[in-house]
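Read through the structure below, which is laid out as structure tokens, and then see the notes.
Derivation of every value follows stated rules applied to the coordinates shown; laboratory data play no part. Here the structure is a predicted model, which is why all the values come from computation and not from measurement. So basically every Cβ, Gly included, is an ideal-geometry build from the backbone, and we count neighbours across all protein chains shown.
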Amino acid sequence: MIDSHCHLDHEPMYSDLKNVIDRSKKIGLEKILSICTTRDSFKKIIKIVEFDSIIHGTFGIHPHEVDNDKVTVNEIINNVKSNKKIIAIGESGLDFYYNNSDKDEQILSFNKHIEASIELNVPIIVHSRNAEKETFEILEKYKSLNPKILMHCFTGSMEFANKLLSINSFFSASGIITFKNSTELQNTFKNIPTNKILIETDSPYLSPVPFRGKKNEPSFIKYTLEKLSQIKELELTATEKITNNNFNNLFNFN
């Protein structure tokens, strides 16, 4: 199994990293991708990726943080190049659910992250909430440059998924697919091509059933994998192999 999106720099995981990683290995996690959200977050991630061989990291500024953390394309590129275990850019994107950061600043930052990802030929981890139209319009502008796109914690409509498939996007399923009220999302993942799906925890957030409402961690990824297997009507081992291969192909581990 591979957790394609978590935040090991957040508590309660950061201060208990050894036990978190031990539990992850015990259930068979092969890789964990710890996602950056701010410049301060990146300082911790640089330390975290050296803690264990299964941990990798990213650099990026979350859309909620763009008013405080403004970055240039060159800064993004240089941070990714600074350590071979930094393998992607993000999370970046658009979040119009809250009004806690300027929309124009979000769009400007998102474009910079996409341009850096294309320059480096590494995936961009995309956060999109209440911004389907704008997210797709921005990504589609770069279609001819073949960006590597991973839609993190995808909760969008099938219509949005189909548009994103037209620009070769990948989609990450989180613990939300285990929730009883997520039948529409489950149906969307049923119809997304299997070779385009990864899994994630987004820990310490979005714990899957049976731990919903508690702090999440990478070892809980197995519950999301089990649910995805049911949705796709596949054997658990087959789903594990497919999602691992999708991650390794996207992040150039093959």
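For region 88-196, averaging the sequence separation of C-alpha pairs within contact (under 8 Å, six or more residues apart) and dividing by the residue count gives a relative contact order of 23 percent. Computed from the Cα positions only, the extents of the chain along the three principal axes stand at 43, 40, 37 Å, in decreasing order.
A helix-only calculation puts the chain at -12000 deg cm²/dmol for mean residue ellipticity at 222 nm, using -39500 (n - 2.57) for each DSSP H run of at least four residues, averaged over all residues.
Working note: Debye formula, equal point scatterers on the alpha-carbon atoms of region 169-247, no solvent; log10 I(q)/I(0) at q = 0.17, 0.20, 0.24 Å⁻¹ is -0.58, -0.81, -1.15.
Structure remark: mean-square fluctuation, Gaussian network model of the chain, C-alpha springs under 10 Å; the largest value among Ile114, Ile176, Ile125 belongs to Ile176.
Entry note, the chain: relative contact order of 19 percent, from Cα contacts under 8 Å with a spacing of 6+ residues. When the alpha carbon gyration tensor of region 119-234 is reduced to an equivalent ellipsoid, the three semi-axes, largest first, read 25, 15, 13 Å. Near Glu134: Cβ cut-off under 14 Å, other residues only, Lys/Arg at +1 and Asp/Glu at -1. The net charge is -2. Altogether, the Stokes-Einstein calculation at 10 °C and 1.306 mPa s, with the Kirkwood radius of region 26-128 over Cα pairs as Rh, returns a diffusion coefficient of 116 µm²/s.
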